[in-house]
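Presented below is the structure to which this report refers.
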């Protein structure tokens, strides 16, 4: 039983990391007032770009992750121009970008023949001597570098949003674009910037799945994690630390799925595979039932901004 | 002396509708310069150009004699122009200090906030405001939010301060305090532009007045020399005559309110044991200082608030106190609420939709699955012409694009198109100019003459006195006195104060 628990918990940071990065990326762009549903698609872009880089230039996982971030950022410019410049409905634009990316990554993976080619990827490192502490050592101090990187990234984004000039301006753009405009900020520029920067984290999340976790590209391999991240942002009320907590929760749920089979517990397979989505549903119902539907939500989320409109 | 702010030959059109047509304006440092005009005369548009929000189609903006092309609000602020908008440009969940820091950025957030806090305290003390820089803006009253806006602009180093209808959202006492502050600011060398349509403010507080009508500047005058009548005529064009009141016999009781109790959302009882009745062909005026339960009473009458106890009896359906608003509407109750955009109009829907929403339930535009949109547009267009709603390019445009007065006319057009038997109007002329105001009053009198029972709730005693057949005075949620027409203004005033 103890082995089961340790194996399971040691796996949690790895399963939680994609959720954490994706949710953080979404928080950055949604705090600017752009409802971002592109997560699933941009994570696929990051995933295929990461594996593609490793297969092309050799096994340089960190370079691959940077390429994954860049690729997602570049594709996000499409979304940014749709919603910020053309002011297309943000839900429709987000959904179409997801479908576009699903098709695009499938096509690229097949054309370049990256499908099902395993790569060495990025391995876990043990921080000695902390890794020798019983129980805790294996859970907390034998992880891959990206998991460790998540902590400073979360600190940085959290401080950026709460205690920096740029963060103040970004939040103002998301809460009340008219006020931000009156303060002389370019609402469009801030929103495009937030989408691009946030999307780089979505790319990192996708790249993490393919390069670090699975070490392989399979069409559609993100498998709904992007949608869970979208829900996670609502659950976290657009705040970084609750999002990290939520990511760990989903990491626990996802991590337990393969363990159950490995531990020889007999349970209907599809029911087990369903648990992350069931948990998402439960979380959304809980959030709704608390009847605080709009608390923490950026005031102008999903609303395009036009200046010369009389009211 | 060169004017601090000078606008010449300004033209501006929005989607083909001309808002400004060669407007001129000049304000000197050290004066309060009023910009007077009706709703839609182009005052706000002109000042939005001065503050860099709109780019003029033609014309020049000069600051201290130097012609400038403002690239945006930040540029205008850098040149010492600050504007306090009618709809405040504040981020509600932010603190006061954060809001001010946003408009006056510093290099670092933390030191910036400290710096701003000190600045706010100092500026607030100078102006006689009591503002805590660490409070959230959404927790402040409207008057306090306005003070934050003024501090924000002054901390930005504004030497030209534009106030767009600053007193529209304030009580009389608050407005007086604000205008006194504004006078002191002018004495310290700031050029203050006071956009308003209230003549008495101009007479009392302005050193100069520029009058606009239909997008043009019609005159610049000294308000201490020009008479009120002259100014009115310049503003309106020709003076709108007061509607005639004909004495009519009263009919049966159509609305009876008995022992009504209502509470605010936070549980505070605002209407306590209020009873009154209104007969056919009668306007019942409810006077009182704002905040004495009028808002809650009006909401209870129109069905937007559940009363705690008591009766609201309508001829026909009987007691409808707890019944949904739809039942009242079916029984012929028309509602003209004080907050148009909260209770009467959906700003992002079209004018036609806003018009049709009152009657569509009855099936007059076909069954729900087959709405006759052509008929809706036709009826809306007819009503817009009949009720003189202006600034309408097409009935498909958003209702939010209408100016305040025209939005109110649209509400009235919709409510009166059904020939209501009972009308509940709460501050129907708030924020409206002379002409729109007269139009609203005329409609209320016409409804009375047609035999409707009208409840007129208003904080404007002149309005109450001009229209009402019977007047109730509301204080602390109770009707403390009733007067028959002709009522004595002094006595009503005394009743308001005595029981407070």
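A short reminder: the numbers here are calculations on the coordinates, not readings from a lab. Model, not experiment: these values are computed from the prediction. Cβ coordinates were reconstructed from backbone atoms using ideal geometry, including for glycine residues, and neighbour counts include every protein chain displayed.
The table below lists the values:
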| item | result |
| --- | --- |
| Over chain A, relative contact order from alpha-carbon pairs under 8 Å, at least 6 apart, % | 38 |
| Dimensions (Å) - the protein assembly as shown, Cα atoms, principal axes, largest first | 94, 70, 51 |
| Å³ per residue enclosed by the Cα convex hull of region B:253-498 | 121 |
| Relative contact order computed over region B:5-236 (Cα-Cα under 8 Å; 6+ residues apart), in percent | 31 |
| Cα pair distances exceeding 31 angstrom across region B:5-236, given as percent | 20 |
| Taking the C-alpha atoms of chain B, convex hull volume expressed per residue in Å³ | 164 |
| Rg/Rg_globular for region B:1-80, with Rg_globular taken as 2.2 N^0.38 Å and Rg from C-alpha atoms | 1.05 |
| Contact order relative to length of chain B, as percent, for alpha carbon pairs under 8 angstrom and 6 or more apart | 15 |
| Highest-fluctuation residue, A:188, A:32, A:164 considered, GNM on chain A with Cα pairs under 10 Å | A:164 |
| Of A:20, A:47, A:126, the one that fluctuates the most in a GNM where chain A has Cα springs shorter than 10 Å | A:126 |
| Footprinting exposure proxy for B:429, B:348, A:96 (fewest neighbouring C-beta atoms within 10 Å first) | B:348, A:96, B:429 |
| Exercise: per-residue mean of other protein chain Cβ atoms within 10 Å, A:178-191 | 6 |
| Separation of the residue A:2 and residue A:278 label points, Cα + 7 Å toward Cβ, nm | 3.0 |
| Calculated log₁₀ intensity ratio I(q)/I(0) where the Debye formula runs over C-alpha points of region A:185-311, q = 0.15 Å⁻¹ | -0.90 |
| Region B:21-78 and region B:308-373: distance between their alpha carbon centers, rounded to Å | 42 |
| Calculated [θ] (222 nm, deg cm²/dmol) that DSSP helices of n ≥ 4 give over the protein assembly as shown, each run adding -39,500 (n - 2.57) | -15000 deg cm²/dmol |
| Inter-label distance for residue B:227 and residue B:397, nm, one decimal - labels placed 7 Å from Cα along Cα-to-Cβ | 3.8 |
| Residue A:124/residue B:141 FRET efficiency (R0 56 Å; Cβ-Cβ; nearest 0.05) | 0.45 |
| Max mean-square fluctuation residue, GNM over chain A, Cα-Cα springs under 10 Å, options A:133, A:119, A:153 | A:133 |
| Pairwise centroid distance, computed over Cα atoms, of region B:80-123 with region A:153-170, Å | 18 |
| Cα centroid of region A:1-45 to Cα centroid of region B:392-407, whole Å | 46 |
